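Okay, so here's the structure we're looking at.
The values are calculated or read from the model by the stated rules, or taken from the named source; none is laboratory data. What you are looking at is a predicted structure, and each value in this text was computed from that prediction instead of being measured. Cβ: placed from backbone, ideal geometry, glycine included. Neighbour counts: every protein chain shown.
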Amino acid sequence: MADQSRPKLAVWKFASCDGCQLTLLNCEDELIPLAGEVEIAYFPEATRAVIEGPYDVSLVEGSVTTDADAERIHEVRRVSRRLITIGACATSGGIQALRNFSDVAEYRSVVYAHPEYIQTLARSTPIAAHVTVDFELHGCPIDSGQLLEVLAAAVQDRRPRIPSYSVCVECKRRGAVCVAVAHGTPCLGPVTQAGCGALCPAYARGCYGCFGPQDTPNTQSLADRLHVQGMTEPNILRFFRSFNAGSEPFRHESEQHEEAAL
């Protein structure tokens, strides 16, 4: 029987690797207190039990890549008081958005033995391209601390306190050496939203942009610097086409280098 005293939580999957849903399951110590605050009504990754909606909070992982999903997301929106997208796939189209820059029919013919059985759209699009989204939580995968903050905010009916500044701030806070300045390592940190704790730069690796563009990304300035340092146009293009290739700032910047990269 449904518990009317607790808000109902639903977790939905579209085109994705399930990594962001696993972030919730991996919270472990926090899951028991969380279960006391919300009723997990729909979460196929965790349980076969289903409690009918409407739902107070819906977490949506994954991008829209099929006609069926383009229809299904409208039904999810209809039964959800709050709809929160989680992860790069749901917020920008994910790594599968690389299809947006190529011929998906050609990819399909190369990858599958019987491409005639594959029904897919030419583009991978974020959830916000189809329905109204109340909040976007970035990351590939998302950060567990940020996810718990978003859920707590939903329960408390407030705006989540999620930073929108760049990874560079996190580098400074943990005392990490700037790999771009000290070693000339290509790094997306200046244009990428914080959330990972500057994981890659802390290990002398450039940021890969897992958390997508920060609130004011100057991608052109970063690309100009990379060019001065000797990075070729094809490599600059590929630099912005990774986990969040479909996000507007990264997409736009990569397209500025397409003609020169040919």
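The condition (being of a type outside the set (D, E), touching a Lys or Arg at 6+ places or on another chain (Cβ under 8 Å) and closer than 28 Å to R123 by Cβ) is satisfied by just one residue among G62, G53: G62.
Of everything in segment 6-21 that is without any contact (Cβ under 8 Å) to a residue 60 or more places away in the chain and assigned to a strand (DSSP E or B), the residue that is farthest from the chain's Cα centre (by Cα) is K8. Could you please let me know if L188 is within 29 Å of A128 (Cβ to Cβ) and either of a type in the set (D, E, K, R) or buried (at least 24 other Cβ atoms within 10 Å of the Cβ) (or both)? Answer is yes for this residue.
Scan L237, L199 and give me the residue that is out of contact with any helix residue (DSSP H, G or I) (no Cβ under 8 Å at 6 or more places or on another chain) and not assigned by TED's automatic domain parsing to the domain that holds V38. Before you say what the answer is, go through the steps one by one.
Working: L237 fails: out of contact with any helix residue (DSSP H, G or I) (no Cβ under 8 Å at 6 or more places or on another chain).
Result: L199 is the single residue among L237, L199 that is out of contact with any helix residue (DSSP H, G or I) (no Cβ under 8 Å at 6 or more places or on another chain) and not assigned by TED's automatic domain parsing to the domain that holds V38.
Annotation: of all residues in segment 76-123 being charged (D, E, K, R) and outside any strand (DSSP E or B), the one that is surrounded by the most Cβ atoms within 10 Å (Cβ to Cβ) is R99.
Exactly one condition in (1) part of a helix (DSSP H, G or I); (2) surrounded by 14 or more Cβ atoms within 10 Å (Cβ to Cβ) is false for A182; which is it? Going through (1) part of a helix (DSSP H, G or I); (2) surrounded by 14 or more Cβ atoms within 10 Å (Cβ to Cβ) one by one, A182 breaks only (2). Restricting attention to segment 22-58, the residues being touching a residue at least 60 places away in the same chain (Cβ under 8 Å) and closer than 28 Å to A97 by Cβ number 6. Looking at I73, I40, just one residue is buried (at least 17 other Cβ atoms within 10 Å of the Cβ) and in a helix (DSSP H, G or I), and that residue is I73.
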